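Some notes on the structure that comes next.
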Amino acid sequence: MSFETENKEYKRELSDKLENSVIAFLNTGGGQIHIGVSDDGTVYGIDNIDATVRAFTDRVKNNISPSALGLFSIAVREDAGNKYFIVTIAGGTEKPYFYNKYGRTPKGTFMRVGVQNIPMPQDMIDEMYMRRLPNTLANVISPRQTLTFRQLKIYYEEAGYTIGENFLQNLDFYLPDGKFNYLAYLMADNNGTSIKVARFKGDDPSPVEKDEFGTCCLIKATYSVLNRLDFYNQTAVEFTYPKRIDTRLLDPVALREAALNAIIHNDYINGAYPLFSVYDDRIEILSTGGLPRDLSTEEFFKGRSQPRYRELIRIFANLDLGEQLGSGMKKILKAYNPDNYEISKNFVIAKFPYNEHALALLNEGHEKGHEKGHERFIGLSKNILGLVSADPKISIGKIATTLNETTKAIRHNLDKLKSEGLLIRHGGARGGHWEVVEK
């Protein structure tokens, strides 16, 4: 007498749960199904063995995805005149396998635990599926199928490429059925991408400025992000005889490479996008998805190239926005050390502190600018107060002409004088007059 095991199952006939058993073996380490054999190992046989074998093959072929053809073999056996057959199933290479009727859900996806075929939890299904497609956007369907690529074609033409009839095919923008894939979606003129660059003041968690670059070709969004970061990466200027010294808040090469890394290696399939946060003393760059599969933290800092999406990096490399040799990280580590990175399962965060000397020079310049502005306000205010004291009915236009200032500047100073209680306006523009408050 023989009994079922973790990798062996008996079935008296082709039951309605046949697919569950095949799927469970495909999703684990493989196994055998003996058809025509009872649970205790007794061989009862199959009356029409050939028809039953064909029925088994048709059900596996038509009811299970991805295709399991080539992953099982069938051997007909006979015991005491009773014919039965053994199906040997290999562990699949495109896990998770599932019942077409129920899709990639616990109701249609099974795994082998002991002698049972149990539903696979949804989080395990999702993780297994993502591991099956770690380095490709080409196998995921685009959320939209009406796509245009005018922006991308312009970038390629500017880079010296000739745009032919097979441009989109050569970039692997299509699924086997002719539909656009997710790579095409990211490169389309209109899509749902959203890369944010936010500026914060002090410890306030609410940004004082927020720019969103997206809903366009990812290449265009990338250039917009790089330009915005370059704007925030201010230059401090020193004039020391006999030369001028320019110092940036951040190393511009390292900043550019880190931004490109975040955009190129971000996990777009999950619908998350890079985030760039600008603070008073640093810039933080966040990309989602953690490190690419099979890339360790040590290998990451050594500059080993393991792109998450090879099709994506190919386009960036074509347009001189990225390369495949891993030199980007080497450039970053010339200016910053690995301690500036936080790496987890789901995120990679680069935190680059500003150059302290450059920051001090810029802050000093701002303070001097405020001092000059205050001095200018005091001087202009004295002149305005002198004019309105001499002529309480003087118009704003005449004040501006007399002091050789713009009316906008005069209105600004008048508003400040009124807010500080030094000046009162009685009546409107016609018939009204000013009153200087003595303090």
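The values are calculated or read from the model by the stated rules, or taken from the named source; none is laboratory data. Source: prediction; values computed, not measured. All Cβ positions, glycine included, derive from the backbone under ideal geometry; neighbour counts span all protein chains shown. The area values use the complete protein model at the heavy-atom level, side chains included, leaving out ligands, DNA and RNA. Shrake-Rupley method; radii C 1.70, N 1.55, O 1.52, S 1.80 Å.
Name the residues in the stretch 419-433 that are farther than 20 Å from Ile378 by Cβ and either β-branched (Val, Ile, Thr) or in a loop (DSSP other than H, G, I, E, B) (or both), would you?
Looking only at the stretch 419-433, we keep the residues that are farther than 20 Å from Ile378 by Cβ, and these are 425-433.
Answer for the stretch 419-433, where residues must be farther than 20 Å from Ile378 by Cβ and either β-branched (Val, Ile, Thr) or in a loop (DSSP other than H, G, I, E, B) (or both): Gly427, Gly428, Ala429, Arg430, Gly431, Gly432.
Going residue by residue through the stretch 35-44, is there one that turns out to be on the phi < 0 side of the Ramachandran plot and touching a helix residue (DSSP H, G or I) at 6+ places or on another chain (Cβ under 6 Å)?
No, the conditions are met nowhere in the stretch 35-44.
Could you list, in sequence order, the residues of the stretch 108-124 that are part of a loop (DSSP other than H, G, I, E, B) and buried (at least 17 other Cβ atoms within 10 Å of the Cβ)?
Gly108, Thr109, Met120, listed by residue number.
For the stretch 134-146, indicate whether the set of residues that are part of a helix (DSSP H, G or I) and either among the aliphatic types (A, V, I, L, M) or in contact with a strand residue (DSSP E or B) (Cβ under 9 Å, 6 or more places away or on another chain) (or both) is non-empty.
Looking through the stretch 134-146, none of the residues is part of a helix (DSSP H, G or I) and either among the aliphatic types (A, V, I, L, M) or in contact with a strand residue (DSSP E or B) (Cβ under 9 Å, 6 or more places away or on another chain) (or both).
Report, ordered by the first and then the second residue, all pairs with beta carbons closer than 8 Å, sequence separation of six or more or different chains, a first member in the stretch 202-220 that is assigned to a loop (DSSP other than H, G, I, E, B), and a second member that is acidic (Asp, Glu) and surrounded by 14 or more Cβ atoms within 10 Å (Cβ to Cβ).
That search, which allows pairs on different chains as well, returns Cys216/Asp189; Cys217/Asp189.
Could you go through the stretch 238-246 and let me know if any residue there is touching a helix residue (DSSP H, G or I) at 6+ places or on another chain (Cβ under 9 Å) and within 29 Å of Asp203 (Cβ to Cβ).
no
Quick one: which strands (runs of 3 or more DSSP E) lie wholly within the stretch 1-95 and hold at least 3 residues that are touching a strand residue (DSSP E or B) at 6+ places or on another chain (Cβ under 6 Å) and of a type in the set (A, V, I, L, M, F, W, C)?
Output list reads 72-79, 82-90.
Could you tell me whether any residue of the stretch 171-178 is exposed (fewer than 14 other Cβ atoms within 10 Å of the Cβ), among the acidic types (Asp, Glu) and either in a loop (DSSP other than H, G, I, E, B) or in contact with a strand residue (DSSP E or B) (Cβ under 8 Å, 6 or more places away or on another chain) (or both)?
Yes, the stretch 171-178 has at least one match.
Tell me which of these Val237 doesn't satisfy, since it passes every other one: (1) under 27 Å from Phe316 (Cβ atoms); (2) touching a residue at least 12 places away in the same chain (Cβ under 8 Å).
Condition (1) is where Val237 drops out.
Which of the residues spanning the stretch 216-233 are polar (S, T, N, Q) and open to solvent by 80 Å² or more (accessible area, probe 1.4 Å)?
Within the stretch 216-233, Asn227 is the sole residue that qualifies.
For residues that are farther than 25 Å from Pro205 by Cα and in contact (Cβ under 8 Å) with a residue 12 or more places away in the chain, scanning just the stretch 276-301, find the one that is least open to solvent (accessible area, probe 1.4 Å). Before the answer, list the steps.
Initially, the stretch 276-301 is screened for residues farther than 25 Å from Pro205 by Cα, giving 291-301.
From what's left, in contact (Cβ under 8 Å) with a residue 12 or more places away in the chain: 291-294, 297, 300-301.
Values: Leu291: 33, Pro292: 13, Arg293: 86, Asp294: 102, Thr297: 64, Phe300: 34, Phe301: 42 Å².
Among those that are farther than 25 Å from Pro205 by Cα and in contact (Cβ under 8 Å) with a residue 12 or more places away in the chain, it is Pro292.
Sort through Thr105, Thr93 and tell me the only one that's open to solvent by 70 Å² or more (accessible area, probe 1.4 Å) and not charged (D, E, K, R).
Testing whether each residue is open to solvent by 70 Å² or more (accessible area, probe 1.4 Å) and not charged (D, E, K, R) leaves just Thr93.
Can you tell me which of (1) surrounded by 22 or more Cβ atoms within 10 Å (Cβ to Cβ); (2) in contact (Cβ under 8 Å) with a residue 24 or more places away in the chain; (3) outside any loop (DSSP other than H, G, I, E, B) is the one Tyr273 doesn't meet?
(3)
Going through the stretch 392-415 one residue at a time, which ones are surrounded by 13 or more Cβ atoms within 10 Å (Cβ to Cβ), over 48 Å from the mean Cα position of the chain (by Cα) and not small (Gly, Ala, Ser)?
Pro392, Ile394, Ile396, Lys398, Ile399, Thr402, Leu403, Glu405, Thr407, Ile410, Leu414 - these are the residues of the stretch 392-415 that are surrounded by 13 or more Cβ atoms within 10 Å (Cβ to Cβ), over 48 Å from the mean Cα position of the chain (by Cα) and not small (Gly, Ala, Ser).
For residues that are open to solvent by 40 Å² or more (accessible area, probe 1.4 Å) and within 20 Å of the chain's Cα centre (by Cα), scanning just the stretch 131-150, find the one that is modelled with the lowest pLDDT.
Taking the candidates together, the pick is Asn135.
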